[in-house]
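The values are calculated or read from the model by the stated rules, or taken from the named source; none is laboratory data. Small disclaimer: the values here were computed from a predicted structure and weren't measured. Here the Cβ positions follow ideal geometry from the backbone for every residue, glycine too, while neighbour counts run over all protein chains shown. SASA here: full protein model, heavy atoms, side chains in, ligands and nucleic acids out. Shrake-Rupley method; radii C 1.70, N 1.55, O 1.52, S 1.80 Å.
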Amino acid sequence: MSLYKRIAILAVALTLGYNVLAPIQVNGQGLGNSPYSSLGVGELYGDGFSDNVGMGQSGVSTGNGFQINNLNPALWSRNKYTTLDVGLIGQYKDVVSGNNKQQTLGGNLAYVALAFPVSRRWTLGGSLKPYSSVDFENTSTRVIPGTPDQAVYFNTGKGGINKASITNGYQLGKYISLGLEASYYFGNVRKATEVLIPSSTNYLIGINDRIAYSDFGARAGVAVRIPVKKDNKLNLNLGGAYSFKTDLNGTQTRTLELSQDSYVIPGATDTLSKNLAGSVTVPTQYQVGMSLEWPLKLVVSADYNRQEWSQYKAFRNSSNDGLRNVNRLNLGVEYLPRFLSLNYFDRVRYRVGFSHGNSPYVINGKGVNDTNISLGFTFPMGYGYQNFLSIAFVGGQRGVTGTGLVRERYGRAVLGITLLERWFQKQKLD
């Protein structure tokens, strides 16, 4: 591989990370309006890339080595070629609360990841991806005491948190792999509450909060491959990943603004607090999984993950926003008809998945469950079919309708591009 091509791959990764992720974060674009994103740190993206999304977000125990498996840092060691993975995500939502209905559409960069083998056993890499998205807007009314008038309340939120990581995967012996991910979280969230007082003057009073986050976190993983049949015809895979509790430090700036008929009143803007230090607690998470693998033919996987969101602590107070612990089951199947076939569609990888569990949200004392099904495909492309185009579709629902409750039905698509090359290969002279 030429030096220019290596530089081009790195340029693509860096350019996408800077020119796609950063502007989207600043403009507050994300996965579409969701009332649930007002709680905790927002709506979580998850760690899986396009191939895992197509398998119901399962796969913490198995990796094929052609694409990066980000569910478990230990599985990065399976990538024996320099691998660039880039993903985009789009989502449609149908939100219902009482008699109110809304359809929203959002999109974002899903991930940029680069892995390359340092040695036969050690793979090093880095990734950049959104961690959470805050995007909500709602309106309510309340009677002004002592008057027949009603004040109109507008609540909005935009922004989110990003995650930049360095991952080491190491193959310890023939069957065991270990991994460690060190991450830097950064981003900002802006929330505003505005009150419109109806009168001949139409006063609008607004309180704006902006919290900028930045801190470090870590995740560790282990994967074991146990041969069940000789000649690598069937393997039993076991895997686990553990995310350590992280206190994300941040600074808060709060301002008060008074406007009349859409014009800010001179001298009526005040900074209530500036760069006030605090933190939020992102709780521990662990994922465990097992899979049966017929190499280059069939994979059947099942994962369980749990995250202790009851341990969440909001910024500068002990409230956990009423969040509860998450327990989730992820199931998936991947099928490859014939790896060495000359028929193109025999070399396409087909996936199906199912995921069910509770979300961390509790509305009016009622827990919000989330269930979805998924389909995925990986199409080989390029010379020698050494590169891949993957797409995953997810359809699901979280929450139910009822008094004060919110139901979200969503359709999500993740598009991934994988480029493989061999770096640091010693040249041989004939």
query = Here are some values of percent of Cα pairs over 40 Å apart: (1) 23; (2) 58; (3) 18. Which one was computed from this structure?
reply = (1)
remark   = Given unit charges at Cβ for Lys, Arg (+) and Asp, Glu (-), the dipole magnitude of the chain about its Cα centre in debye, nearest 20, is 1600 debye
ask   = When the chain is treated as a GNM, springs tying every alpha-carbon pair under 10 Å, which of 145, 337, 117 comes out with the largest mean-square fluctuation?
value = 145
task = Quick one: accessible surface of residue 78, probe radius 1.4 Å, all protein chains present, in square angstrom to the nearest 10.
result = 40 Å²
Chymotrypsin sites (Phe, Trp or Tyr not before Pro), loop per DSSP, at most 15 other Cβ atoms within 10 Å - longest free stretch of the chain = 1-174
ask   = Against the longest principal axis of the chain, how steep is helix 3-16, in degrees 0 to 90 to the nearest 10, with axes from Cα atoms?
value = 30 degrees
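Sort 121, 328 from largest to smallest accessible area, using a 1.4 Å probe on the heavy atoms of the protein chains.
In descending accessible area the options line up as 121, 328.
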note = The answer for the range 342-430, accessible area per residue at 1.4 Å probe in Å², is 56 Å²
query = Put +1 on the Cβ of each Lys and Arg and -1 on the Cβ of each Asp and Glu in the chain; which of 279, 49, 98 then has its Cα farthest toward the positive end of the dipole?
reply = 49
request  = Return a whole-number percent for the relative contact order of the range 271-430, with Cα pairs under 8 Å and 6 or more residues apart as the contact set.
outcome  = 13 percent
message = Of 418, 134, 344, which is farthest towards the positive pole of the chain's charge dipole, taken about the Cα centre with +1 and -1 on the beta-carbons of Lys, Arg and Asp, Glu respectively?
response = 344
message = Can you tell me the length gained on complete extension of the stretch residue 120 to residue 230, counting 0.36 nm per residue apart and subtracting the Cα distance?
response = 37.3 nm
inquiry  = Below 8 Å between Cα atoms, with a sequence gap of 6+, how large is the relative contact order for the range 199-344 in percent?
reply    = 20 percent
note = Between residue 269 and residue 362, Cβ-based FRET efficiency (R0 41 Å, step 0.05) works out to 0.70
inquiry  = Tell me which trypsin sites (Lys or Arg not before Pro) from the range 201-235 have a DSSP coil assignment and no more than 14 other beta carbons within 10 Å of their own.
reply    = 233
note = Given a 1.4 Å probe, the accessible area of the range 55-168 per residue, as a whole number of Å², is 38 Å²
task = Place a +1 charge on the Cβ of each Lys and Arg in the range 37-174 and a -1 charge on the Cβ of each Asp and Glu, then give the dipole magnitude about the Cα centre in debye, rounded to the nearest 20.
result = 660 debye
query = From the residues 161, 314, 216, which one has its Cα farthest along the dipole of the chain in the positive direction, the dipole being from +1 and -1 charges on Cβ of Lys/Arg and Asp/Glu about the Cα centre?
reply = 216
message = Tell me the carbon and sulfur percent of the accessible area for the chain, rounded to whole percent, probe radius 1.4 Å.
response = 59 percent
message = Using the crude model of +1 on Lys and Arg Cβ and -1 on Asp and Glu Cβ, and no other charge, please compute the dipole size for the range 127-215 relative to its Cα centre, in debye to 20.
response = 320 debye
ask   = So what is the calculated 222 nm ellipticity per residue for the chain, using -39500 (n - 2.57) for each DSSP H run with n of 4 or more, over all residues, to the nearest 500 deg cm²/dmol?
value = -1500 deg cm²/dmol
request  = Using a 10 angstrom cutoff on alpha carbons, build the Gaussian network for the chain and name the most mobile of 319, 355, 183.
outcome  = 319
Reach of residue 366 by Cα under 30 Å, taken over lysines that are not fewer than 8 positions away in the same chain = 93, 101, 158, 191, 245, 313
query = If the cut-off is 14 Å between C-alpha atoms, which aspartates and glutamates fall inside it for residue 230, apart from same-chain ones fewer than 8 positions away?
reply = 293
